[in-house]
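The values are calculated or read from the model by the stated rules, or taken from the named source; none is laboratory data. Everything numeric here is computed off the predicted structure, so don't read it as measured data. Cβ placement follows ideal geometry from the backbone for every residue including glycine, while neighbour counts extend to all protein chains displayed.
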Amino acid sequence: MRDALLESIRARLNEVVATGDRSPVMEQAAIGDAMKLMQYGVNETAVDAEVLVALGWFYFWRSQELPEPRAEAERGVALQLLAIPFLGGEQLLPEPLLLPLAESAIPEATKMLVRTLRTPVGVRDAALTVAVWSKITLHLPEDHVAYYSGLSCLGLAWRRRWEIAGDPVDLNCAVEVAREIAETLPAGRPGRATYWFHLSTALSLRFEQGEDVEDLDGAVEAGREAVRTATDDDRDRCVYLTGLSRVLLTRYSRMGDRLDLGAALQTAGEAIARAPERHPDHTMLLTNHANALVARYATYREADDIVEAARANRFVVRIAPRTHFEYARYLSNACEVLRLLFAHTKNPEDVNEAIEYGYRAVRATPAGDPERTPYQIGLVRALRDRFDALGDFGDLDEAVAVCRAAARGAAQLDHPDQAMVMSALGSVLQQRYERDGTSEDRDEALGVWERTVAMRTALPLLRVGTARLAAELAAPSEPGRAARFLEQAILLLPEVAPRRLRRGDQQRALGAHGDWLTADAIALALSDTGVSAPERASRALRLAEAGRAILLAQSLDIRGDVTDLREQHPDLAREFVDLRDRLDQDTDTVGASAAVPGAPSHSARLRLAKEMEVLLGRIRAHDGFVRFGLPPTFDELAAQAGRGPVVTLNVSRYRSDALILTPDGVTVCPLPGLAFVEVVRRIGQFDLALVAATAPDADRIAAQRILHEVLEWLWEAAAEPVLTALDALGQLPDGQGALPHVWWAPGGMLGLLPLHAAGFHRDPGRVQGRRTVLDRVVSSYTPTIRALRHARARRPAATDRPRPLIVSMPTTPGHPPLPHAAQETDRLRAVLKDPVVLSASGERPATTATVLAQLEHCAIAHFACHGITELTDPSQSKLLLQDHAETPLTVSALSRAHLAHAQLAYLSACRTAHPGNPRLLGEAIHLTSACQLAGFSHVIGTMWTIDDRLAADVAESFYTNLAGPTGTPDPARAATALHRTVKDTRDRFPATPSLWAGYLHSGA
């Protein structure tokens, strides 16, 4: 019956189409057949699309023939019949009905979308929702009132299907739809804030999958636009605020910019304050604010933050319905916060409660749900915390079991947190190995960690941390394997502190690992008996070069001489210098609320960094510039030993050594007397003695005696073995000629001690072969061999005898006077021909602006002023000029300068070569290195506070020696000139090393 009736109706429809005559569908017999066929269209078990389409066309053609209002009624019947085929994808539908069909489908499609967003649904339901909204938006014209809301629903449907099925194409579609809406929605149309919010969320989700920072920056900017465009009476303004807070917090956790942390906390708090009473997302607002508090607690360790976060999370768990789609996440958040609270309070009830919430979160999440993985890891952390505190072995075994289950699930899902899970599994296995000594646990931990470190999609910070753990475990029995772990970590450090971060954030990222990472890598590489001795030595030197002064290296890579580029490709040179200068703009205060005027924002810095990479690629494509802006090769570094050996020292918990670079290669000189613990003890002694040497109520003679004792120990432990090795290598020739020149690269802790002054200076007489470095070699310093190469590669611009610059600050606002600075200046006028003098009280004021302007034109610059070392943030160490309170001349400011004529800088100020922050010793961030980066090939610096009166004598003697018999100062003689000056001063005051041992030469 069904087929016969369907064939009858189709025959009538074909006749209408063929002849244009609608009478076949108007006959009474046709109505009868249609009524009988209707019962086959929809029944309790199925939908017959063929029947519905045929009947829909039937009533459509009738509506074209009938007068109103009967025509409207027939069109209504046609719409009802064609709605299901329309949503199912049927293409043969009446064109005039397509728009009405799309409009009529919106309410039902909206219900479908809400159901997929709020309830667990399958891939089929999600796919159907995408298909429905695709069909609707296809037939809505752009000027239709529902066009943009329909597109938005399509984007949400794609996003939901991605959440269920995990196809990245769906997430990309969701991003692009959201972007199209945000960028094309006409001004004044409602819903702008919502659409920007959807774009922010989609970009944030895509960032979590691919770690593309551009997506994260885009999410932040879209979130800000959502807040900006929301009206005050928008009930969801609080949702936009908390969404912005969430993406800012994500960016802070990835990039470490504390400005983002402050903004995240502020917007999260504002979201709660602006939320209408009984807002349906109230629990989400509270949770996001608690997350921001936890992040601030992790940064500043303020107890109030974690206590308040725990209170908020407990409250959320209590008030949220168990049917809430985020309920498991709330439980997991409470687990994490109470775990942190336990670390602060040591109250067992807190960790017990954390574990209870962790179990509940895991049980509330079905297997196969991606969210289950982070909940399992949260539970593992809580179990480990309780084991550490109470020692119940059952907790550790349970942690291993839960973590293994999490690892299996993450691997099956190819979960974005897979690396984090594997790292955690290795940690609990290591902990159990330390408890039981079971080699299987150790081997499994190392294997898991090996895979984690090799995962290129994992966060660099996670990979570095995992490599550190693995090296610790492998070192006792497999030093070579441990060295390989740390080598991978060192190569990742530039990614941990990329150029797109501001300087302070870069320092904090590197400081989290301390200098010991590189020191241990060098030591373990030297202990790897699986390779030859020469290979061990060269490998260790490569590690030293890669792991030290990373921030300096980043700058050196793009600070090379551009003379050849200017001559051959002037347009590229101008573009390069402009881009480099814009990247050099930075904030001058870590954690400041605002950037320095003109400094690029985070997203702008990212864009500039990418532009620089593209530009460098264009430059390297030209003949002769293939290595422009790239680190020097090992052969290029080795060539730096042509003027004298370079000695790289390393102090580690495992062993201490000197790596001696000569024209013949790298030689290892073991230094067993330079034990890690002893070095730390001697540095402490030395620092206390330096303070006592000038304290009015201290035993100054005893202080000087301690300084001598440390210098004598330093001779025996480090200097003498190195000089003996150099002698054996033929680098210290006999005879009465000029002393050989040695460059020291102390790195790390040894940078706090004056290697150039090591020795027994209290020995009587001046016999040949005296046991001091000062009497055996001329000493210079360099942070790395790469920095030495940079200093030597400088080619000062040609000029007509640039005038020397003297900056004299006898008086400084807010600081004690330097009465002998004026005397120092007067004495130097006679040695330095016709200098430009800037001073606090003269006609030409010594301000930061005037000093930087004069530095651009001088070859020699002398500073007689106060110097301040900032231990917390060494980039803010500064020379104090007239306007130091408003515009300080900091390391950061000096580093940004590009001085074409610069050759020699003499910093007659306190602690200008002190490395500052103990966590950043290997970075060599101080005023001396800043001057080198700005262009000075030679810098005279000081390691501690210098005597104001004697400083004038030392400076005059230095410049007299610098001039030599010609009477014209030659910067190339700087190292020899300082050596003679310090030696003469030592001979005047042999019992008082604090007066003369702190002066050093750094550079070429």
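A few comments on the model shown:
- Test: residue in the stretch 951-959 that is closer than 20 Å to THR782 by Cβ and in contact with a Phe, Trp or Tyr (Cβ under 6 Å, 6 or more places away or on another chain): no
- Reported count of residues in the stretch 11-35, each being surrounded by 15 or more Cβ atoms within 10 Å (Cβ to Cβ) and either modelled with pLDDT under 80 or part of a helix (DSSP H, G or I) (or both), is 9.
- Those residues of the stretch 451-466 which are in a helix (DSSP H, G or I) and either touching an Asp or Glu at 6+ places or on another chain (Cβ under 8 Å) or modelled with pLDDT of 95 or more (or both), in sequence order: PRO460
- Selection of the stretch 893-908 for residues being among the polar types (S, T, N, Q) and either under 17 Å from SER875 (Cα atoms) or buried (at least 24 other Cβ atoms within 10 Å of the Cβ) (or both) yields SER895, SER908.
- Subset of the stretch 925-960 [assigned to a helix (DSSP H, G or I), in contact with a helix residue (DSSP H, G or I) (Cβ under 7 Å, 6 or more places away or on another chain), under 27 Å from LEU752 (Cβ atoms) and of a type in the set (S, T, N, Q)]: SER929, GLN932, SER957
- Among (1) without any contact (Cβ under 8 Å) to a residue 12 or more places away in the chain; (2) assigned to a helix (DSSP H, G or I); (3) over 23 Å from ALA354 (Cα atoms) - the single one GLY394 does not satisfy: (3)
- Exactly one residue out of GLY922, GLY935 is of a type outside the set (Phe, Trp, Tyr), at pLDDT below 90 and more than 17 Å from ALA893 (Cα to Cα), and it is GLY922.
- Condition check for LEU732: farther than 27 Å from ASP515 by Cα and surrounded by fewer than 22 Cβ atoms within 10 Å (Cβ to Cβ): yes
- Looking only at residues in the stretch 808-846 that are of a type in the set (S, T, N, Q) and part of a strand (DSSP E or B), the one that is surrounded by the most Cβ atoms within 10 Å (Cβ to Cβ) is SER808.
- Which listed residue, of GLN554, GLN507, is modelled with pLDDT under 90 and crowded, with 21+ Cβ neighbours inside 10 Å: GLN507
- Counted residues, the stretch 215-237 - those being more than 18 Å from GLU183 (Cβ to Cβ) and either part of a helix (DSSP H, G or I) or free of Cβ contacts under 8 Å to residues at least 12 places away in the same chain (or both): 4
- In the set ALA905, ALA849, only one residue is small (Gly, Ala, Ser) and either assigned to a loop (DSSP other than H, G, I, E, B) or without any contact (Cβ under 8 Å) to a residue 40 or more places away in the chain (or both); that residue is ALA849.
- The C-beta contact set for the stretch 1-23 (first residue closer than 14 Å to GLU65 by Cβ and free of Cβ contacts under 8 Å to residues at least 40 places away in the same chain, second residue of a type outside the set (Asp, Glu) and part of a helix (DSSP H, G or I), distance under 6 angstrom, 6+ apart or interchain) comprises GLU15/PRO24.
- Test: residue in the stretch 514-521 that is modelled with pLDDT under 75 and either surrounded by fewer than 19 Cβ atoms within 10 Å (Cβ to Cβ) or at positive phi (or both): yes
- ARG432 being assigned to a helix (DSSP H, G or I), at pLDDT below 95, out of contact with any Lys or Arg (no Cβ under 8 Å at 6 or more places or on another chain) and more than 30 Å from ALA165 (Cα to Cα): yes
- Any chance ARG451 is of a type outside the set (Ser, Thr, Tyr), in contact (Cβ under 8 Å) with a residue 12 or more places away in the chain and surrounded by fewer than 17 Cβ atoms within 10 Å (Cβ to Cβ): yes
- Some residue of the stretch 320-337 being touching a Gly at 6+ places or on another chain (Cβ under 8 Å), among the acidic types (Asp, Glu) and modelled with pLDDT of 90 or more: yes
- Odd one out for LEU293 among (1) free of Cβ contacts under 8 Å to residues at least 40 places away in the same chain; (2) hydrophobic (A, V, I, L, M, F, W, C); (3) not assigned by TED's automatic domain parsing to the domain that holds ARG254: (3)
- Within the set ARG911, ARG919, ARG980, ARG973, the sole residue that is touching a residue at least 60 places away in the same chain (Cβ under 8 Å) and either surrounded by fewer than 22 Cβ atoms within 10 Å (Cβ to Cβ) or out of contact with any Cys (no Cβ under 8 Å at 6 or more places or on another chain) (or both) turns out to be ARG919.
- For the stretch 899-918, the count of residues that are among the charged types (D, E, K, R) and within 26 Å of the chain's Cα centre (by Cα) is zero.
- Test set (1) in contact with a helix residue (DSSP H, G or I) (Cβ under 8 Å, 6 or more places away or on another chain); (2) surrounded by fewer than 19 Cβ atoms within 10 Å (Cβ to Cβ); (3) part of a loop (DSSP other than H, G, I, E, B) - LEU881 fails condition number: (2)
- Taking (1) modelled with pLDDT under 90; (2) more than 29 Å from LEU649 (Cα to Cα); (3) of a type outside the set (D, E, K, R) in turn, SER957 satisfies each apart from (1).
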